[in-house]
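S.K.: Below are the structure tokens for one structure; questions will follow.
The values are calculated or read from the model by the stated rules, or taken from the named source; none is laboratory data. Model, not experiment: these values are computed from the prediction. Backbone-built Cβ (ideal geometry, glycine too); neighbour counts: all protein chains shown. All accessible areas refer to the heavy atoms of the entire protein, side chains included, with ligands and DNA or RNA removed. Shrake-Rupley method; radii C 1.70, N 1.55, O 1.52, S 1.80 Å.
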Amino acid sequence: MNYFNLNKILIITGIIVLAFIGAFIIWWNKEITITNLDPWQAEPVLKSSISGLECANAARRPLAVMLAGDPEVRPLSGIGQADMVIEMPVTPSGITRFMAIFQCEDPKELGSIRSAREDFIPLVVGLGAIYAHWGGEREALAKLDAKIVDNIDAMKYEGTVFYRKSSMPRPHNGFTNTGLLLDKSNSLGYDLKDAFQGYLHAKEKENVKRNLSNTVDTIDINYPDQYAVQWRYDEQTNLYARSRGGLPEKDANSGNTVNSSAVVVMKTSSRVLNKDYISVNVTGEGEADIYQNGIRITGNWKKDPVQLSSKLYFYDGNGQEIKFVPGKIWVEIIAQ
């Protein structure tokens, strides 16, 4: 073999080796790109089926807690931390009561806790929540005793799960917190996994079309006297601030004004049962106005009267289910 041929072989061999090394480097870097994940990268956080916000408790079953509407118990504890609140009149004189639904946040105190009302039960069932209350009207307790929904009654667990505060008059001095309710739910064998099918959520201000006909900055809920509610929209925060009886609604835990990303005014019918009770229709369908992003959407609400586990739906004027802005939802029920 002459010098020329040997040199040629060496050059070819060198090219092959370099090509192999180059291919190896490309392969190695590709593997590094795939496998070299940031060890500090956070795990994906689930979103609440109710509020659509990311939170550590998103997989947890909601707690639906009955809260008083009476002037003497204001400000309420924990009301501003609920993912959803449903308010409706419960007496012929227009006294209202709240059902506050908690999933994401755990208030240090909840109260004043009040009695179960039959009209709230279909809404609890539809949310797949655990119902917390202090006693209740006869019809409501009969359904709860029949295990229509998992519930925790302070009449059975006063002094352990629920407690009274001497600084407030009875029957407005009953309180609890989510930790106590969850511990009791666990000991009662209740499933603590969220099974609610959830509400639809849009990106904030997605597809918002404001005009003179739908722009609304103030929402007035004409409950009587000290129960009258007003919501005011703040464009900078894209939130509605709540006032009641002419005063800002505060949360006793934080001292902050109660805000919501969406306010639903649900219109329905009612009938008087006696001087202390009315029956409010929360199944079937009716008109609804949905307020978010500073606009009003005129639509409808619907809830299956037979299948109580169905959720309370809200639709726009075209029959499309509402996509809520991620955040807290308040439902104000007007019963005529």
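S.K.: Loop only by DSSP, 10 or fewer other Cβ within 10 Å of the Cβ. Give me the trypsin sites (Lys or Arg not before Pro) in segment 164-227 that pass, ordered by residue number.
M.R.: Lys203, Lys209
S.K.: Can I ask one more? With every protein chain in place, what's the accessible area of Trp134 (1.4 Å probe, Å², nearest 10)?
M.R.: Using a 1.4 Å probe on the heavy atoms, I get roughly 30 Å².
S.K.: Can you tell me how the chain classifies by the Cα gyration tensor, rounded, prolate or oblate, using a/c under 1.5 as the rounded cut?
M.R.: prolate
S.K.: Hey, which aspartates and glutamates would be in cross-link range of Lys143, C-alpha to C-alpha under 14 Å, not counting anything within fewer than 8 residues on its own chain?
M.R.: Glu118, Asp119, Asp153
S.K.: Sorted by mean Cβ packing within 10 Å, highest first, what order do the peptides 275-288, 45-58 take?
M.R.: The most tightly packed comes first, giving 45-58, 275-288.
S.K.: Using DSSP to define loop residues, name the GluC sites (Glu not before Pro) in segment 179-277 whose beta-carbon has at most 12 other beta-carbon atoms within 10 Å.
M.R.: Sites meeting the loop and neighbour criteria: Glu206, Glu235.
S.K.: Next question. Give me the distance in nm between label points sitting 7 Å out from Cα along the Cα-to-Cβ direction at Cys55 and Ser167, one decimal.
M.R.: Calculated label separation equals 2.5 nm.
S.K.: Could I ask something else about it? Tell me, what is the 1.4 Å probe accessible area of Asp217, in Å² to the nearest 10?
M.R.: 80 Å²
S.K.: Further question: Counting each DSSP H run of 4 or more residues in the chain as -39500 (n - 2.57), what helix-only mean residue ellipticity at 222 nm follows after dividing by all residues, to the nearest 500 deg cm²/dmol?
M.R.: After summing the helix terms and dividing by residue count, I get -6000 deg cm²/dmol.
S.K.: How big is the C-alpha Rg of segment 140-276 next to the rule-of-thumb value 2.2 N^0.38 Å, as a ratio?
M.R.: Rg over 2.2 N^0.38 Å, computed on Cα atoms: 1.40.
S.K.: With every protein chain kept in the model, how would you rank Leu67, Leu192 by accessible area, 1.4 Å probe, largest at the top?
M.R.: Leu192, Leu67
S.K.: With the full set of protein chains in place, find how many percent of the accessible area of the chain is carbon and sulfur; take the probe as 1.4 Å.
M.R.: 54 percent
S.K.: List the residues, sorted by chain then number, that are 5 or more residues from Gly136 or on another chain and whose placed amide H is less than 5 Å from its amide H.
M.R.: Ala116
S.K.: Please work out whether segment 52-131 counts as rounded, prolate or oblate from its C-alpha gyration tensor, where a ≥ b ≥ c are the square roots of the eigenvalues and a/c under 1.5 means rounded, while otherwise a/b larger than b/c means prolate and anything else oblate?
M.R.: Since a/c reaches 1.5 but b/c is at least a/b, the shape of segment 52-131 is classed as oblate.
S.K.: Express the accessible area of the chain per residue in Å², computed with a 1.4 Å probe while the remaining protein chains stay in the model.
M.R.: In whole numbers, the chain has 52 Å² accessible per residue.
S.K.: How would you classify segment 210-325 from its alpha-carbon gyration tensor, with a ≥ b ≥ c the square roots of the eigenvalues: rounded for a/c under 1.5, else prolate if a/b is greater than b/c, otherwise oblate?
M.R.: Judged from the Cα gyration tensor, segment 210-325 comes out oblate (a/c at least 1.5, b/c at or above a/b).
S.K.: Let me ask you something else. Among Gly245, Gly319, Gly136, whose mean-square fluctuation peaks in a Gaussian network model of the chain (Cα, cutoff 10 Å)?
M.R.: Looking only at Gly245, Gly319, Gly136, the largest GNM fluctuation is found for Gly319.
S.K.: Further question: Just subtract the alpha-carbon distance of Asn318 and Thr298 from 0.36 nm times their residue separation and send over the number in nm, one decimal.
M.R.: That pair, Asn318 and Thr298, stretches by 6.2 nm at full extension.
S.K.: Calculate the FRET efficiency for Met155 and Asp234 from the Cβ-Cβ distance with a Förster distance of 41 Å, rounded to the nearest 0.05.
M.R.: Once the sixth-power term is evaluated, E becomes 0.50.
S.K.: Mind checking which of Gln103, Gln81, Gln226 has the largest fluctuation in a GNM of the chain, springs on alpha carbons under 10 Å?
M.R.: Highest fluctuation among the options: Gln226.
S.K.: Expected output is a single nm value to one decimal: the length gained when fully extending between Lys209 and Asp225, i.e. 0.36 nm times separation in residues minus the C-alpha distance. What is it?
M.R.: Residue separation times 0.36 nm, minus the Cα-Cα distance, leaves 2.3 nm.
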